[in-house]
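Novice: My structure is below; once you've seen it, I'll send some questions.
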Amino acid sequence: GFVPGLFGTSHGALQFMAYEDLKERYNKYRNRVSDTKLNTMEYIMMAAVSKIFAVVATYPYQVVRARLQDQHNTYSGVFDVIRRTWR
């Protein structure tokens, strides 16, 4: 579970990337300068959508990591976990 655990840092990176991209696209859509400040509701929406994106993208990895760390089952590796979980 240690090596897959290293991929956990990707969650925050994906969320930040999605947030910045959404903000830029939204400002472009509204014909505003890309660094224009958003209002409170716009910030909340951008944060929520970027969080949802990051969770959907990283949740499968978290399942694999948790199963590898489970002391009650024995797996021969990451691909074994994926195969048995899929089945």
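Novice: How high is the relative contact order of the chain, given as a whole-number percent (alpha carbon pairs under 8 Å, six or more residues apart)?
Specialist: 36 percent
Novice: Further question on the same structure: Students often forget the sequence filter, so: which lysines lie under 16 Å Cα-Cα from LYS51 once same-chain residues fewer than 8 apart are removed?
Specialist: Counting by Cα, and skipping residues close in sequence, LYS51 has these lysines nearby: LYS23.
Novice: Hey, any idea what % of the chain's accessible area is carbon plus sulfur with a 1.4 Å probe?
Specialist: 62 percent
Novice: Taking only protein heavy atoms and a 1.4 Å probe, what accessible area per residue, in Å², does the chain have with all protein chains in place?
Specialist: About 78 Å² of surface per residue is accessible.
Novice: Please arrange SER34, SER10 by accessible surface area, largest first, computed with a 1.4 Å probe and ligands excluded.
Specialist: Final ranking, largest accessible area leading: SER34, SER10.
Novice: Can you give me the Rg/Rh ratio for the chain, using Cα atoms for both radii and the Kirkwood formula for Rh?
Specialist: Using Cα coordinates only, the ratio equals 1.19.
Novice: Taking a spot 7 Å from the Cα of THR85 along the direction of its beta carbon, which residues of the range 44-69 have an amide N less than 18 Å from it?
Specialist: Those under the cut-off are 53-69.
Novice: Give the calculated FRET efficiency between MET41 and ASP21 to the nearest 0.05, with a Förster radius of 22 Å applied to their Cβ-Cβ distance.
Specialist: Computed FRET efficiency for MET41 and ASP21 comes out at 0.70.
The values are calculated or read from the model by the stated rules, or taken from the named source; none is laboratory data. Every value quoted in this text rests on a predicted model; they were computed, and no experiment measured them. Neighbour counts are summed over all protein chains in view; Cβ atoms, including those assigned to glycine, are modelled from backbone coordinates with ideal geometry. Side chains are part of the model used for accessible areas, which takes the heavy atoms of the whole protein and leaves out ligands, DNA and RNA. Shrake-Rupley method; radii C 1.70, N 1.55, O 1.52, S 1.80 Å.
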